[in-house]
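The values are calculated or read from the model by the stated rules, or taken from the named source; none is laboratory data. Owing to the predicted nature of the structure, the values given are computational and were not obtained by experimental measurement. Glycine gets a Cβ as well: all are built from the backbone with ideal geometry, and neighbour counts include every protein chain shown.
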Amino acid sequence: MGHGGKRKGAGRPKGQGQYGEPTQPIRLPESLIEPVLKFVKNKGYQLPLFSSKVAAGHPSSVDDHIETYVNLQDHLIKNISMTFLVRVSGQSMIDAGIFENDLLVVDRSIVPSHGKIVIAAIDSQFTVKRLHQQNNQLFLMPENKKFKPITITPENEMIIFGVVTHVIHAV
């Protein structure tokens, strides 16, 4: 019998390892080994979604049946290479449900348009506001009556970095 190569009956039967399915060897950059192992251990970034809904009015009966598992990335991110997170500072958007220290999911691939909440830099100062266009004039509108709209003039340098798609805040 020669050395090397496949041997009939050698090795673990497919699907019998710790993962319960066939596996493949892959090469990873060393910096990604720990995050990938954590991802595999947690079976991805999926969270249980219970089949019963939670009543926001009168209490309803309890059902602890898990309907499925949800990967939040599938719900929060449409274009991962064009999406980033930013933390909120300030109170100008509280009437839009955006509060101090919230995380905003921002998509750079969405075209900013009237009525969208955007992350913009005005004269090198970052802000989150609702984009408003009226009579060929642009405004960045706060969602708090204590703040005034920002009128964009030709003298301003404005860069829109993306459109806010989701708000994540702790309660």
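Points to keep in mind about this one:
- In summary, strands (runs of 3 or more DSSP E) completely within segment 41-93 and bearing 1 or more residues that are in contact with a Pro (Cβ under 7 Å, 6 or more places away or on another chain) occur at 66-71.
- Residue count for segment 83-101 satisfying the condition of being of a type in the set (A, V, I, L, M, F, W, C) and more than 11 Å from the chain's Cα centre (by Cα): 6.
- Annotation note: of 94, 98, 119, the sole residue that is under 17 Å from residue 143 (Cβ atoms), touching a residue at least 24 places away in the same chain (Cβ under 8 Å), in contact with a Gly (Cβ under 6 Å, 6 or more places away or on another chain) and in the same structural domain as residue 150 (by TED's automatic domain parsing) is 119.
- Filter pass, residue 58 being in contact with a strand residue (DSSP E or B) (Cβ under 8 Å, 6 or more places away or on another chain) and either among the hydroxyl-bearing types (Ser, Thr, Tyr) or modelled with pLDDT of 70 or more (or both): no
- Residue satisfying all of: in segment 114-171; of a type in the set (Gly, Ala, Ser) and touching a strand residue (DSSP E or B) at 6+ places or on another chain (Cβ under 7 Å); farthest from residue 92 (Cα to Cα) among these: 162
- Taking first residues from segment 101-115 that are closer than 18 Å to residue 134 by Cα and partners that are modelled with pLDDT of 95 or more and aliphatic (A, V, I, L, M), the Cβ contacts under 8 Å between residues at least 6 apart in sequence or on separate chains come to 111/163; 112/118; 112/131; 112/160; 112/163; 113/131; 114/131; 115/131.
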